[in-house]
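Notes follow the structure.
The values are calculated or read from the model by the stated rules, or taken from the named source; none is laboratory data. Note that this is a predicted model, so its numbers are computed, not measured. Cβ: placed from backbone, ideal geometry, glycine included. Neighbour counts: every protein chain shown. Side chains included, ligands, DNA and RNA excluded: accessible areas come from the protein's heavy atoms. Shrake-Rupley method; radii C 1.70, N 1.55, O 1.52, S 1.80 Å.
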Amino acid sequence: MAKIKIKLLKYRRVPRGATLHGLGELVIMVLHGGSTCRLRTDYRLRDDEWDDRRSGISFGSQSPDRLDYLMRVQEGLRRDMERIGRIVRRLDERGLPYSASDIAGEYRRFVHECSLVRFMGELIARLRLAGKRRTAEIYAATLRSFSTFLSSGGGDIVMDCMDRQLMELYEGFLRGRGLTPNTSSFYMRVLRAVYNRAADCGMIEQRNPFRHVYTGVERTVKRALGLAELKAIKRLDLSDTPALDYARDMFMMSFYTRGMAFIDMAFLRKSDLRGGYLSYRRRKTGQRLSVEWTDEMQLILDKYPENPTKYLLPVIRSDSVNEFWCYRNTAYNINYSLKKIAMMVGVSMPLTLYCARHSWATAAREHGVPVSVISEGMGHGSESTTRIYLASLDASTVDCANRMIIRSL
């Protein structure tokens, strides 16, 4: 049976300029079958902080900061011993001979493969290859946030260290930076999805570390415009300010197309418009939607020169640009202009392209359109409560509702 010992190794020679001040390095010694292998750690302790006889930390009288560090070292060592214990049991179950270096190799492989930065990095790369650029950006932003939180420990972590206490500390870190509960919950849900994927793969044990942090969605401030506000925006004379005029047109086009997301609008192809209908697949969900092409949509399209590219709307207008960055920059500029338009019509809320989606749903509800029809019209394929109704809905029902809303402006 393998034996595991922890020793404090003193530095024989302290590098010039170093601030080790008598600190030694904790190492894990793996002994099995007459061979010994050493696993290095990042833990640094003084002589009086380590009890070699019982192979444990001696807390003594410490400052609060040092005491906190020693407690984290103790927890880290406990996890290291658990990992090595699982590896030894797995090797024993195989019934084949193995050495101390085999144990150490399995341990190093686990730590490498279960690194959060490595695991999420691979997920992000696969999302980009699959064309899910926005989801990849969300995962990358979450990783940056969590790495900032972990920066005192190098910005990375082995995923089996993600426990209830750590996630509660991260939640406090986010709140301390002024993030809203919904934003904090957003990061938590992304990390939970990554953690669950690793657990499903058998890489780590499922310990449900997110049970005691907030992962819900609170009602946000109003994002929907009323019909009176929409009419005021539609009727603005913006002919002297092309940037504002363009922003208003794209906002109204999103509204007319049942709150189509701007990324879907930007990548609409000319071939998607056939027989009086726009047929496209939502980038977020992959759901295919069909929208009746109306006179109001055509009027906006006719205002601009025909797009020389394969795309329908005047968003990506050159084949020589990075299409995704062109879409992002255009969306940023439109949202900036919409803030000015909001002030012109007396709308106090921060107006963005996304408000068009909320506005269409609200207008439909005010016109008595059933929730199931609204869900179908907006492509809410992920809403389990409406799936039974959506399966039997005829597209003409949604188009009829859309015509009714547009004519009310």
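List of remarks:
- Annotation note: trypsin sites (Lys or Arg not before Pro) in the stretch 89-121 located in DSSP loop regions with a Cβ neighbour count of at most 13 within 10 Å are absent.
- Rounded to the nearest 10 Å², the accessible area of Asp102 at probe 1.4 Å: 70 Å²
- Projecting the Cα atoms of Met81, Leu45, Tyr69 onto the dipole axis of the stretch 35-108, where Lys and Arg carry +1 and Asp and Glu carry -1 at the beta carbon, places Met81 farthest toward the positive end.
- Think of the stretch 159-307 as a dipole: +1 on every Lys or Arg Cβ, -1 on every Asp or Glu Cβ, centred on the Cα centre; then among Thr241, Leu278, Pro181, Pro181 lies furthest on the positive end.
- Sequence-distant aspartates and glutamates (8 or more away, or on other chains) whose Cα lies within less than 16 Å of Lys231: Asp245, Asp249, Glu296, Glu366
- Listed by chain and number, the lysines whose alpha-carbon sits under 26 Å from that of Lys234, ignoring those within fewer than 8 places in the same chain, are Lys222, Lys270, Lys303, Lys339, Lys340.
- Think of a 1.4 Å ball rolled over the protein heavy atoms: the stretch 52-184 then has 55 Å² of accessible area per residue.
- Gain on full stretching of the segment that runs from Leu67 to Asn329 - 0.36 nm per residue minus C-alpha separation: 89.5 nm
- Stokes-Einstein, applied to the Kirkwood radius of the chain over Cα pairs at a viscosity of 1.306 mPa s and 10 °C, places its translational diffusion at 61 µm² s⁻¹.
- Surface composition of the stretch 127-229: carbon plus sulfur atoms hold 50% of the accessible area, using a 1.4 angstrom probe and ignoring ligands, DNA and RNA.
- Computed lengthening from Arg40 to Arg94, 0.36 nm per intervening residue step minus Cα-Cα distance: 16.8 nm
- Helical mean residue ellipticity (222 nm; -39500 (n - 2.57) per DSSP H run of 4+; nearest 500) of the chain: -16000 deg cm²/dmol
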